[in-house]
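Peer 1: If you scroll down you'll find the structure; I have some questions about it.
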Amino acid sequence: MVQTTDNVLIDVQNMKKYFPVTQGVVFQKKVADIKAVDGVSFTIHKGETLGLVGESGCGKTTTGRCILQLYKVTEGDVYFEGENLCTMKSTALRSMRRRMQIIFQDPYGSLNPRMTCGNIIGEPLIVHKMVSNRNEYREQVTELLNIVGLNPYMADRYPHEFSGGQRQRIGVARALAVKPSFIVCDEPVSALDVSIQAQIINLLEELQEQFDLTYLFIAHDLSVVRHISDRIAVMYLGHIVELADRQELYENPLHPYTKALLSAVPIPDPILETTRSRIILIGDVPSPLHPPSGCVFHTRCPIAIDECSAAIPEFRNMGNDHWVACIRV
């Protein structure tokens, strides 16, 4: 089945990813499921950046990897330019992966320490047969190093000879090597110093404009997400609870979890910072092994009522393309 929607690059429909929990050493038996992603639906338009935010362990990274088919989805569909990746055969999916790339969170663990910087960046060119000879290979690697702000003479260095920010630039260059149209940015700045974070964010914005890229930007820093994103999706325990334009979300948050997240973001003005009210959530995040019934947030929600534990709230449009999953809104 092929779907076509104007200007939509990624279309995720009711995507679920469960990781089995097994028991036994020799004869392993499945006893439960960890519901990492539990029925999320959203679209990403060509040329835009969709920010995905939430607490650690809420399923953000799993969502990104399921879109790229690094994890096979348990249920649901992922459409890329109208083609369903979940039903695609491995040979077709391999060629499709040229157009989808990922920038990993850890610039120290995502680069092979035994390979030089040039070989790390150039490997995708060889895998996808995008160069025909050694000279063309070197020219491409040199151009990619220049694009991300590194000197071409660094091509013969190994990852341990670079700083964290430089390593992440290598990761960006590797993702760009195959000329993708969609990149999952999996917390690409969370392991870096604040000043270096700004440099990488600015680089990503420049590259997006230069190469007409589309991003899924995963992060837990709401101020970073606000700066780079066009729209923002808020995730909690495997569910998307709110999705809206960045300005709309920050000025008019509707879901109580979004309000609690935004109340924790520091404000530069000390007077406003001392006068504003903070929302302190009680309890801990429930386990995805045994998520609560009904609305997954009801165990910590300050405005929860009995009905909240009875049924999963509908993800509905409140107007102005502002979507929220809460019966109290």
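Peer 1: Could you pull out every residue, at least 5 positions away or on a different chain, whose amide H is within less than 5 Å of the one on G47? Hs are placed 1.01 Å off N in the peptide plane, and Pro or chain starts have none.
Peer 2: Answer set, sorted by chain and number: T214.
Peer 1: Further question: Report the one residue of L93, G294, P256 whose Cα lies farthest in the direction of the positive end of the charge dipole of the chain (charges on C-beta: Lys and Arg +1, Asp and Glu -1; origin at the Cα centre).
Peer 2: Among L93, G294, P256, the one farthest towards the positive end of the dipole of the chain is L93.
Peer 1: Could you give the size of the charge dipole of the stretch 240-301 about its Cα centre, using +1 on the Cβ of each K and R and -1 on the Cβ of each D and E, expressed in debye and rounded to the nearest 20?
Peer 2: 200 debye
Peer 1: In the structure shown, do any of K30/K72; K17/K129; K72/K129 have a Cα-Cα gap over 23 Å, and if so which? Could the numbers behind the result be given before it?
Peer 2: On the way: K30/K72 18 Å; K17/K129 32 Å; K72/K129 26 Å.
Result: K17/K129; K72/K129 exceed 23 Å.
Peer 1: Could you tell me whether the stretch 260-329 comes out rounded, prolate or oblate from its Cα gyration tensor? Rule is a ≥ b ≥ c as square roots of the eigenvalues, rounded for a/c under 1.5, then prolate if a/b exceeds b/c, otherwise oblate.
Peer 2: Verdict is oblate for the stretch 260-329.
Peer 1: Let me ask another. Which order do V53, V148 fall in if you start with the one that has the fewest other Cβ atoms within 10 Å? Kindly include the intermediate steps, with their values, before the conclusion.
Peer 2: Working: V53 25, V148 21.
Arranged by neighbour count, lowest to highest, V53, V148 become V148, V53.
Peer 1: Mean shadow of the stretch 78-192, computed from the convex hull of its alpha carbons, in nm²?
Peer 2: Numbers: hull surface 30.7 nm².
About 7.7 nm², averaged over all directions.
Peer 1: How large is the translational diffusion coefficient of the chain in µm² per second when you combine the Kirkwood radius over alpha carbon pairs with Stokes-Einstein at 37 °C and 0.692 mPa s?
Peer 2: So the translational diffusion coefficient is about 154 µm²/s.
Peer 1: Please give the charge dipole size of the stretch 187-329, origin at the Cα centre, charges +1 on K and R Cβ atoms and -1 on D and E Cβ atoms. Round to the nearest 20 debye.
Peer 2: Numbers: 9 positive and 19 negative charges, 120 e Å.
Once rounded to the nearest 20, the dipole reads 580 debye.
Peer 1: Still on this model: Would you list T258, T63 from fewest to most Cβ contacts within 10 Å? List each step's numbers first, then the result.
Peer 2: On the way: T258 24, T63 27.
Lowest count first: T258, T63.
Peer 1: Can you pull the one-decimal nm distance between simple spin-label points at I126 and I271, each 7 Å off the Cα toward Cβ?
Peer 2: Here the modelled spin labels are 6.2 nm apart.
Peer 1: Just how far, in whole angstrom, is the stretch 126-145 from the stretch 49-98 if you go by their alpha carbon centroids?
Peer 2: That distance is 28 Å.
Peer 1: Using the Karplus curve 6.51 cos²θ - 1.76 cosθ + 1.60 with θ = phi - 60°, what ³J(HN,Hα) values do you get for each residue of the stretch 22-34, in whole Hz, with x for Gly and Pro?
Peer 2: 10, 10, x, 9, 8, 9, 7, 10, 6, 10, 6, 10, 8
Peer 1: In a shell of Cβ-Cβ distance under 14 Å around Y158, excluding Y158 itself, what net charge do Lys and Arg (+1) and Asp and Glu (-1) give?
Peer 2: Details: positive: R114, R157, R167; negative: D156, E161.
Net of charged neighbours comes to +1.
Peer 1: While we're on this one: Hey, if you put +1 on the Cβ of every Lys and Arg and -1 on every Asp and Glu Cβ in the chain, which of P188, L243, A155 ends up farthest toward the positive end of that dipole?
Peer 2: It is A155.
Peer 1: Another one. If I fit a long axis through the Cα atoms of helix 164-176 and take the longest principal axis of the Cα atoms of the chain, what angle between them do I get, 0 to 90°, rounded to 10?
Peer 2: With rounding to tens, the tilt is 80 degrees.
Peer 1: Moving on. Quote the relative contact order of the stretch 177-249 in percent (integer), defining contacts as alpha-carbon pairs under 8 Å separated by 6+ residues. Can you show the working numbers first?
Peer 2: On the way: 68 pairs, mean separation 20.2, N = 73.
Dividing the mean separation by the residue count of the stretch 177-249 yields 28 percent.
Peer 1: Given H placed 1.01 Å from N in the peptide plane, which residues other than close sequence neighbours of G294 have an amide H under 5 Å from its amide H?
Peer 2: I312
Peer 1: Further, regarding this structure: Based on DSSP loop calls and a cut-off of at most 16 other Cβ atoms within 10 Å, the longest stretch of the chain free of exposed chymotrypsin sites (Phe, Trp or Tyr not before Pro) is what? Write down the numbers at each step before the final one.
Peer 2: Working: sites that count: F27, Y108.
Counting only loop sites that pass the neighbour cut-off, the longest clear stretch is 109-329.
Peer 1: Then there is this: For the Cα atoms of the chain, what angle does the longest principal axis make with the long axis of helix 134-147, in degrees from 0 to 90, nearest 10?
Peer 2: 50 degrees
Peer 1: Please list, or write none, the aspartates and glutamates whose alpha carbon is within less than 13 Å of the alpha carbon of K46, excluding same-chain residues fewer than 8 places away.
Peer 2: D6, D11, E81, E209, D212, D230
Throughout, read-outs are computed from the coordinates displayed, never taken from laboratory work. Because the structure is a prediction, the values reported are computed rather than measured. For neighbour counting, all protein chains shown are included, and Cβ atoms are generated from backbone atoms with ideal geometry for every residue, glycine included.
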